[in-house]
Amino acid sequence: MSKNPALARQATRNVNRAEVVDQNFLRFLQEWDYQPGVRLADSDPVREGDSDLSVAEFKALFESQMCSRHLDLEARAMRLRNEGFYTIGSSGHECNAVLGRLLRHTDPAFLHYRSGGFMMERLRKVGQDPVYDTALSLSASAEDPISGGRHKVWGSVKAWVPPQTSTIASHLPKAVGAAVALGQARLLGVEAPVPADSIIYCSFGDASANHATAQAAFNTAGWTAHQNLPCPVLFVCEDNDIGISTRTPAGWIEAQFASRVGIKYFKCDGLDLVDTHEVAKEAIEYCRTHRKPVFLHLKLKRLLGHAGTDMETEYRTPEELEAIEACDPLLISAETALDSGAMTAQEIRDLYEATRARVQEAAKKAAKTKKLMTREEVIAPLAPYHPELVNAEAARAPSAEARIKAFGSEKGFPENQPARHMAILINRALHDLMAKYPEMTLFGEDVAQKGGVYTVTSGLFATFKGQRVFNTLLDETTILGMAQGQAMMGLLPFPEIQYLAYFHNACDQIRGEAASLQFFSNAQYSNGLVMRIASLAYQKGFGGHFHNDNSFAALRDIPGLVIACPSRGDDAAMMLRTLAALARVDGRVCAFLEPIALYMTKDLYEDKDGLWNFAYPAPDKAIPLGEGRVYNEGAKDLLIITFGNGVPMSLRAARKIEAETKKKVRILDLRWLKPLNVELIAQHAAECGRVLVVDEGRRTGGIAEEIFTHIVERCGEKVKLARVAGEDSYIPLADAANLVLVQEPEIAEAAVRLLKG
């Protein structure tokens, strides 16, 4: 806290605390009357005996603090002029500039939103203008170098700061994933995009540290370190004692983290540049040298409320506000400079006002820049797709040598084996993909030695070993965070979620983080991955709703996500090749829904007919994104549109319908559930005139609703429509499950009604 008693005489009736804090600083300089006996040179330590931080370094940090502060003040002014659209600031947190200076620009940084000081220093390293770049972001300018006007985010490609939109620490799991992936990439001989001795920086607030997502990251980091595996992540908790208006109990963060298993704890005065510099330097060195997780606890204060619209007077007394504002880190930095003789009061004031002018000029200039004006401009980076490149990559077969190593011999190649069911063909396709991509990893719960709950990954661990095929702890958030971090470090991750119901435990890792990265980085960053999920229902009543889950609406709602769902094994193998290519070529985030009930299905119409066994497709064959499969293409009396379990069910129903009514039924297996091939759907609907959608999802949120809309929009009312879908219900045990799931007699009955209509 400042030693100057003048700070107690603030105008407590002024509700504009930004103005109070600004005038506070100027008044402090005006009233300063102590003159040190010596004037320090730039090469001298700014605080003798306490630190090796030189005067020159201190001045640079102090300037970065001022830049960050004036950007906060100007953000509020821009909002009043309707020229800026974000007022969550970094005031009180400006000492994080020290981390921006001490870390290398090749240490990937996953940032808290109060990271203004950090970014001022980090961008200084790579020659970017942090003030103007921030003004562009505040004004939602299309010229913003990171998001292109899509959001106010901290980010830079040159400075290795992927943009974050998280306010609840959902970026922590991928930071841990990136830290682990650094070591994995080295062991696999994969060239990571950053040096091998990099560390991962990850900052957050004290309130966010309590979030379940953050706790998953801390647990995983400690769990990893406990096994003596490298995990060089530097967690930085910027502890300002409050989350919006909710107080953090005194001592809570230290009590939680000072003795956390596997994580080294450091603490410093986050209001003091010198103390922060010394402790942060030690913490960084420990993390880099030992390759272990570190928790750096910065104790600081939040100034100016949570955001510009936050009226702190609703939950803080004037006396509390005065006490907090007296702890302003800029005041403490000024005091350090004046006490030591590093700067005079006039020099500080001149720098402060010059910085104000610089920021105001940047804001004025940014306000005049181009904004996003069309829908096409907004969504351009959301879902990049280069079909020729993707299809060529999907059809690129692994080398014969790599395949022999994976399968033992040419005789062992899966295309030389008899037709098999889906679980076997997916397994063989995964072997082929891992032979093709040395950077590919496969991981999740039970996928290694056990080979997965349904043996789909059997043998992969023995063939490709533990660095590429491994079990994780039982936490879906960690699994998907690990996948994102791996992708950003140059690997090709295939995470497995054991059941569809368990995906919902970690949905935001895909919705809020993985699938949003290209959008908020203007396609400059990507984290292509293929998430395999044992999915859907029809397990003959086993397991209840956790193991029989037909709800994939949450996946369909995620912008840019690719969703694939095969109904037969050969399609599954070829679709996996395309998904891997989408992830590798275009950085796409993909979900592969594997119908559990079809894993072991061999028969279609009768026992032992073997008609749902299929030959393994040659390794240079793939199914392009959006391409469906049509059965009975010449039939024109009725079209059934379906996917997954609905395909064999509809084939059986069609056979019955034809026998009873002599009507011919065409069946369209969508195979790709997002994005839907609208033209394909409309073409077949128009040719047949009657459409039955067999949707094993639920009535509300199922895919039939979207299919109907597209048909009506493109074909008008000339096409007659009907659907059968699962009930809006959880799925119970035993035979009761059949009461809420689509059944074959129901398909046949609905089809006959439609044919008669």
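Bear in mind these aren't lab numbers, they're just calculated from the coordinates by the rules spelled out. Keep in mind it's a predicted model, so treat the numbers as computed, not measured. All Cβ positions, glycine included, derive from the backbone under ideal geometry; neighbour counts span all protein chains shown.
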Using the Karplus curve 6.51 cos²θ - 1.76 cosθ + 1.60 with θ = phi - 60°, work out ³J(HN,Hα) for each residue of region 569-574 in order, rounded to whole Hz, and write x for Gly and Pro.
x, 5, 4, 4, 5, 6
Kindly rank 95-105, 620-630 from highest to lowest mean number of other beta carbons found within 10 Å of each residue.
95-105, 620-630
Counting only pairs 8 or more places apart or on different chains, how many lysine pairs in region 387-598 have C-alpha atoms closer than 19 Å?
5
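With a 10 Å radius around each residue's Cβ, average the other Cβ atoms per peptide and rank 125-132, 581-588, highest first.
For the peptides 125-132, 581-588, the packing ranking is 581-588, 125-132.
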Find how many whole Å separate the alpha carbon centroid of region 552-572 from the alpha carbon centroid of region 438-494.
20 Å
Between region 82-107 and region 652-701, the Cα center-to-center distance that results, in Å
54 Å
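How long are the semi-axes of the equivalent ellipsoid of region 629-756, defined as square roots of 5 times the Cα gyration tensor eigenvalues? Whole Å, largest first. Could the numbers behind the result be given before it?
Details: eigenvalues 97, 65, 31 Å².
So the three semi-axes of region 629-756 are 22, 18, 12 Å.
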Determine, for each peptide in 398-410, 686-698, 368-380, the mean count of other beta carbons within 10 angstrom over its residues, then list the peptides with the highest first.
686-698, 398-410, 368-380
Taking amide H atoms as placed 1.01 Å from N in the peptide plane, list the residues 5 or more away in sequence, or in a different chain, whose amide H sits under 5 Å from that of VAL589.
LEU529, VAL562
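Could you give the length gained on full extension between ALA402 and LYS621, defined as 0.36 nm per residue of separation minus the Cα-Cα distance, in nm? List each step's numbers first, then the result.
Working: separation 219, 0.36 × 219 = 78.84 nm, distance 1.74 nm.
Once the chain is fully extended between ALA402 and LYS621, it gains 77.1 nm.
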GLY308's amide H: which non-local residues (gap 5+, or another chain) put their own amide H closer than 5 Å, with H modeled 1.01 Å from N in plane and none for Pro or chain starts?
THR87, ILE88
Using the Karplus equation 6.51 cos²θ - 1.76 cosθ + 1.60 (θ = phi - 60°), what ³J(HN,Hα) coupling, rounded to whole Hz, does each residue of region 576-591 give in order, writing x for Gly and Pro?
4, 4, 5, 5, 4, 5, 4, 5, 6, 7, 10, x, 6, 9, 10, 10
Residues meeting the amide H criterion for ARG723 (H placed from the backbone, H to H distance under 5 Å, 5 or more places apart or on another chain) are VAL693
A correct Karplus calculation of ³J(HN,Hα) over region 192-208, with 6.51 cos²θ - 1.76 cosθ + 1.60, θ = phi - 60°, whole Hz and x for Gly and Pro, returns 6, x, 10, x, 5, 9, 5, 10, 9, 9, 9, 10, 6, x, 5, 5, 5
Going down the list LYS636/LYS656; LYS152/LYS174; LYS158/LYS364, which pairs span over 19 Å between their C-alpha atoms?
LYS152/LYS174; LYS158/LYS364
